[in-house]
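Accompanying notes for the structure given below.
The values are calculated or read from the model by the stated rules, or taken from the named source; none is laboratory data. Small disclaimer: the values here were computed from a predicted structure and weren't measured. Methodologically, a virtual Cβ is constructed for each residue, glycine included, from the backbone with ideal geometry; neighbour enumeration extends over all protein chains shown. To get the accessible areas, we keep the full protein, side chains included, count just its heavy atoms, and leave off ligands, DNA and RNA. Shrake-Rupley method; radii C 1.70, N 1.55, O 1.52, S 1.80 Å.
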Amino acid sequence: MNRKNFLKTTGAVAASTLLGAPLARAAAQEDGKTAGDYLASASYEATARKLRFRADKKFKIVQFTDVHWVPSDAASAAAAERMNEVLDAERPDLVIYTGDVAFGKPAEECFRKAFEPVVSRNIPFTFTFGNHDDEQGLSREAIFDLIRDMPGNLTGRAEGLHGVTNFILPILDSAGEKPAFLLYHFDSLSYSPDKEIEGYDWMKADQVDWYRSCAAQLAARNGGTPLPALAFFHIPLPEFNEAASDESALLIGIRKEQACAPRVNSGLFTAMREAGDVMGVFVGHDHVNDYLTSWRGLLLGYGRFTGGKTVYWDIPWGNGARVIELTEGSRELSTWIRLKGRVIDQVNFPRDFSKEPY
């Protein structure tokens, strides 16, 4: 089954969800707050010193995406099995869930069950919304409140922006003294609010401006040098299709469908290139894609579909997870896909995309 048929059979684009996050959020800027205030907020400070590079100067992230948990559905057991296997094999320092965790009611059960593998192992984790999570009887705000106090949860929120899960998670150096790496998280919203524009919503101007402001301030704190960073969210940027359609672009991994990206490009990719901190972007959403490509110097990557057979899932070799390993003081990373009993597509960025001898 492809995404087109999946949307038809599930009725995912329901009228009640087309408006996405309330547009009124943007008005919060009018009360005197600016995006830069986020870095002095309690939300940022609560997690600013929670993570650090290990003594060996490594930091490992596991990305789970599109778990699509359905309560009392035996197929969801396949998602739990894979998550448990990946966590035991990789022993990550952080797990990031990039959306579409819940796909049934009650939503509370979906989130508790899907997060149980990390909670039971005392592994720190974060979550950023997909387009299906708030279709199961709870709003984004209610879900955020539900998971807020779960053990290990480092999910934050920048107030006054479209969406909910817009936040930054620093990784301190191995000495625990100062930030050495940044993990940006964005709420990529849901469906287009404009009846003249089909498909999915796009990052809003306030989100892009918030990113620009925070990136500049964090670089200033680092003596004017941008800290290396990655960005995580659910719905891919339009640049994923731009890269995939270019015959000169190298794609490593599986691409079985066009990226279901917004039809409006609001400039987040350009903002990242100009700010100079983000090395790569990792998304989910398209269950039968797990490829990586370097585009205009930025790594564009998919996670690996983690869910069971509760949705369209026909990606070769079944469900799994993406693993990303960082090295302190370096603008390079290693990443691979872990499946049942094996690892595939181990890639070093930017080395493996270099057109010259590295």
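Classify the stretch 168-291 as rounded, prolate or oblate, taking a ≥ b ≥ c as the square roots of the eigenvalues of its Cα gyration tensor: rounded when a/c is under 1.5, otherwise prolate if a/b is larger than b/c and oblate if not. Note, shape of the stretch 168-291 comes out prolate.
Of the chymotrypsin sites (Phe, Trp or Tyr not before Pro) in the stretch 293-329, the ones in a loop by DSSP (not H, G, I, E or B) with at most 16 other beta carbons within 10 Å are 317.
For the options 347, 288, 164, a Gaussian network treatment of the chain with springs between C-alpha atoms closer than 10 Å singles out 347 as fluctuating the most.
Rolling a 1.4 Å probe over the protein heavy atoms of the stretch 37-156, with every protein chain left in place, gives an accessible area that is 48 percent carbon and sulfur.
Find how many whole Å separate the alpha carbon centroid of the stretch 313-358 from the alpha carbon centroid of the stretch 231-291. What the calculation gives is 16 Å, centre to centre. Take the stretch 134-225 with all the other protein chains still there, run a 1.4 Å probe, and you get 36 Å² of accessible area per residue. When 260, 110 are compared by accessible area of protein heavy atoms, the largest-first order is 260, 110, using a 1.4 Å probe. With all projection directions averaged, the alpha carbon convex hull of the chain covers 17.2 nm². The trypsin sites (Lys or Arg not before Pro) of the stretch 52-115 meeting both criteria, a DSSP state outside H, G, I, E and B (loop) and at most 16 other C-beta atoms within 10 angstrom of the site's C-beta, are 54, 57. Residue 139 contributes about 60 Å² of solvent-accessible surface, heavy atoms of the protein only, 1.4 Å probe. Per the 1.4 Å probe, what fraction of the accessible area of the stretch 180-224, in percent, lies on carbon and sulfur atoms? Heavy-atom surface of the stretch 180-224 belonging to carbon and sulfur, 1.4 Å probe: 49 percent.
Loop-resident trypsin sites (Lys or Arg not before Pro) (DSSP state other than H, G, I, E or B) in the stretch 316-358 with no more than 13 further Cβ atoms inside 10 Å of their Cβ: 340, 355.
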